Amino acid sequence: MTAAASPPRPPVRLGVLISGEGTNLQALIDAIARGDLAAEIRVVISNQAAAGGLARARHHGIDAQVIDHRGFPSRQDFDRALVAALNAHGVELVVCAGFMRLLSPVMVAAFRDRIMNIHPALCPAFPGVDAQQQAIDYGVRFSGCTVFFVTEGVDNGPVIVQAVVPVHQDDDAATLAARIHAEEHRIYPWAIALFQQGRLEIRGRRVHIRDFPAPAAIPALINPRSS
Ligand code: GAR
């Protein structure tokens, strides 16, 4: 006798935090439209009024807000405003997509194990800003991107998915960033889909993926074996 399939879970309610162009935000919007990701983007919040991602959100009828960090006396006060806005929209999972602000314990505690981030390097390599230039300067032959759960630290939370790209001899930061971006747009929707399906379990530093798919079903070159 085979076990009964569990009923599909409802779409996960997302709050997306951005500071810039929002191409990862666009990848999420597109994945939802294609039916690859059961999610609803309840709100997009930027700390930068000039962020291009705000227009992308509004174009798709998504509530897009600016909360300028410069209007707050401390990082914690800014995060309290973020938490209030995210809660007001019933957000279940916070998705940092090029959000260039460190989150304080206020945010991490309010959404413990429910904040994802993406970093354009193979964590723990090259944390912080200019990860692509750091990779070129170091001389690595491969770099990539990492989706991880945010903890109190810089780009060092439990890893969910990574994708690898080659670093070419004639790369500059822009050409490497473009190659990495293409993989980011594949793995971020997938990581969120795994969360929505209830398949991610954090065990200490490690994230266990339940019912790990066959390699052919994985949308990027990632660590290709399940346990
Ligand atoms: C992405 O490459 C993302 O990995 C990076 O910002 C870019 C945002 O692009 N994030 C970080 O560097 C965080 N440390 P986008 O605005 O086009 O999505």
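Worth pointing out:
- Rounded to the nearest whole Hz, the Karplus-based 3J(HN,Hα) values (6.51 cos²θ - 1.76 cosθ + 1.60, θ = phi - 60°) of segment 104-112 follow the sequence 8, x, 4, 6, 4, 6, 5, 10, 4, with x at glycine and proline.
- In this Cβ point-charge picture (+1 for Lys and Arg, -1 for Asp and Glu), the chain has a dipole of about 660 debye about its Cα centre.
- Inter-centroid distance (Cα atoms) of segment 121-198 relative to segment 80-108, Å: 21 Å
- A protection proxy built from the mean count of other Cβ atoms within 10 Å ranks the segments 94-103, 70-79, most packed first, as 94-103, 70-79.
- Candidates V43, V129, V108, ranked by Gaussian network fluctuation over the chain, Cα under 10 Å, top entry: V129
- Sum of side-chain charges, P158 neighbourhood, beta-carbon under 11 Å (Lys, Arg +1; Asp, Glu -1): +1
- Prolate/oblate/rounded call for segment 127-210, Cα gyration tensor, a/c under 1.5 rounded: prolate
- Here the peptides 12-24, 168-180, 191-203 are ranked by packing, the mean other Cβ count within 10 Å, and the order with the highest first is 12-24, 191-203, 168-180.
- By definition, a body whose alpha carbon gyration tensor gives a ≥ b ≥ c is oblate when a/c is 1.5 or more and a/b is not larger than b/c, and segment 1-88 fits this oblate description.
- Here the contact order of the chain, divided by its residue count and restricted to Cα pairs under 8 Å and six or more residues apart, works out to 18 percent.
- Value at 222 nm in deg cm²/dmol, rounded to 500, when DSSP H runs of n ≥ 4 in the chain each add -39,500 (n - 2.57): -10000 deg cm²/dmol
- Stokes-Einstein diffusion for segment 79-180, with the hydrodynamic radius set to the Kirkwood value over Cα pairs and evaluated at 4 °C in a medium of 1.567 mPa s, equals 90 µm²/s.
- Taken one residue at a time, the phi angles of segment 68-78 give Karplus couplings (6.51, -1.76, 1.60, θ = phi - 60°) of 7, 4, 6, x, 10, x, 8, 4, 5, 5, 4 Hz. Gly and Pro are set to x.
- For V66, the residues whose amide H sits under 5 Å from its own are S46, ignoring neighbours fewer than 5 places away on the same chain, with H placed 1.01 Å from N.
- Over segment 46-128: Kirkwood hydrodynamic radius from C-alpha pairwise inverse distances, Å: 13.9 Å
- Whole-percent pair-distance distribution, where bins are 10 Å wide, for the alpha carbons of the chain: 8, 33, 38, 18, 3, 0, 0
Bear in mind these aren't lab numbers, they're just calculated from the coordinates by the rules spelled out. This one's a predicted model, so the numbers in the text were calculated from it and none came from an experiment. Note that we place each Cβ from the backbone using ideal geometry, even for glycine, and neighbour counts take in every protein chain shown.
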